[in-house]
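Remarks on the structure that follows.
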Amino acid sequence: MTLLPVNILAVDDIPDNLFILESILGDIEGYHITCVNDGKAALEHVASQPTDLILLDVMMPGLDGYQVTRQLRSNKHLPYIPVLLVTAHDHSSLTEGLDSGADDFIRKPFDINELTARVRSLIRLKHSLDEQAEMIRQRDDFVARLTHDLRTPLVAANRMLSLALEGVFGDPPEPMSEAIGNVITNNENLLQMTNTLLQVYRHEAGQKKLVRS
């Protein structure tokens, strides 16, 4: 079984702490560890490289872990990235960490089994959300193609049927006129349903604003 590569970013201003994290997680098959020593470098890395999980020290000079997490969560252009806050200070606030947008919290010195278990849990969460996002993308693509493929032949068919009903190709008998009229009506109903489906899709995709009336 081929494991998906997991890109983990470790952020800590103390090199020894980064060495410990890299030593523990770097031996796990499929895990790729990148280490940076401040919050600014972490934000720059995430903006340029795919990242599946961030191990983020709370107490750092410059941007601390809470501030980095808030900036990550406020950036709508980034995909969802789980954040595991790591701290050696008893006064670090679990509440503040979770409120800032972090997903989990672990204190140093940490138990190796606990650390790896929390990492695995957050990576499963990341993969699950990525799979859901891909399913939604495929659904939206299907809806867009479906609505386009339905609208075009319906519009073309009704134009030709309307011309036939107007006698462009010769006066149709009364029963035929009635049948053509019924087909046009049914096509218009189907076209309206297709247009409604397209509007709903555009609204869900953020391309159309919902106006209350």
Within region 40-66, the residues that are within 21 Å of residue 109 (Cα to Cα) and without any contact (Cβ under 8 Å) to a residue 60 or more places away in the chain are 54, 56, 57, 58, 59, 60, 61, 64, 65, 66
Within region 114-134, residues being closer than 19 Å to residue 57 by Cβ and either without any contact (Cβ under 8 Å) to a residue 40 or more places away in the chain or open to solvent by 60 Å² or more (accessible area, probe 1.4 Å) (or both) number 2
For region 97-113, the count of residues that are of a type outside the set (Lys, Arg) and without any contact (Cβ under 8 Å) to a residue 24 or more places away in the chain equals 9
Note on region 18-31: residues under 27 Å from the mean Cα position of the chain (by Cα) and crowded, with 16+ Cβ neighbours inside 10 Å are 25, 31
Expected output for region 151-178 (first residue in contact (Cβ under 8 Å) with a residue 12 or more places away in the chain, partner of a type in the set (Gly, Ala, Ser) and open to solvent by less than 50 Å² (accessible area, probe 1.4 Å), Cβ below 7 Å, 6+ apart or cross-chain) is 165/177; 165/181
When region 72-113 is checked residue by residue, the ones that are open to solvent by less than 70 Å² (accessible area, probe 1.4 Å) and among the acidic types (Asp, Glu) are 103, 104
Residue pairs within 6 Å by beta carbon, gap of at least six or interchain, first lying in region 1-17 and exposed (fewer than 10 other Cβ atoms within 10 Å of the Cβ) and of a type outside the set (Ser, Thr, Tyr), second outside any loop (DSSP other than H, G, I, E, B) and at pLDDT 95 or above, listed first then second, are none
Note on region 32-41: residues open to solvent by 10 Å² or more (accessible area, probe 1.4 Å) and assigned to a helix (DSSP H, G or I) are 40, 41
Filter region 42-71 for residues that are open to solvent by 30 Å² or more (accessible area, probe 1.4 Å) and outside any loop (DSSP other than H, G, I, E, B); the one that is nearest to residue 86 (Cα to Cα) is 67
Conditions (1) modelled with pLDDT under 85; (2) open to solvent by 70 Å² or more (accessible area, probe 1.4 Å); (3) not in a helix (DSSP H, G or I) -> residue 152 fails only (3)
For region 76-90, check the following and say yes or no: at least one residue is assigned to a strand (DSSP E or B), without any contact (Cβ under 8 Å) to a residue 24 or more places away in the chain and closer than 17 Å to residue 33 by Cβ. no
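The values are calculated or read from the model by the stated rules, or taken from the named source; none is laboratory data. Note that this is a predicted model, so its numbers are computed, not measured. We place every Cβ from the backbone using ideal geometry, glycine too, and count neighbours over all the protein chains shown. Just the protein is used for accessible areas: all its heavy atoms, side chains included, with ligands, DNA and RNA removed. Shrake-Rupley method; radii C 1.70, N 1.55, O 1.52, S 1.80 Å.
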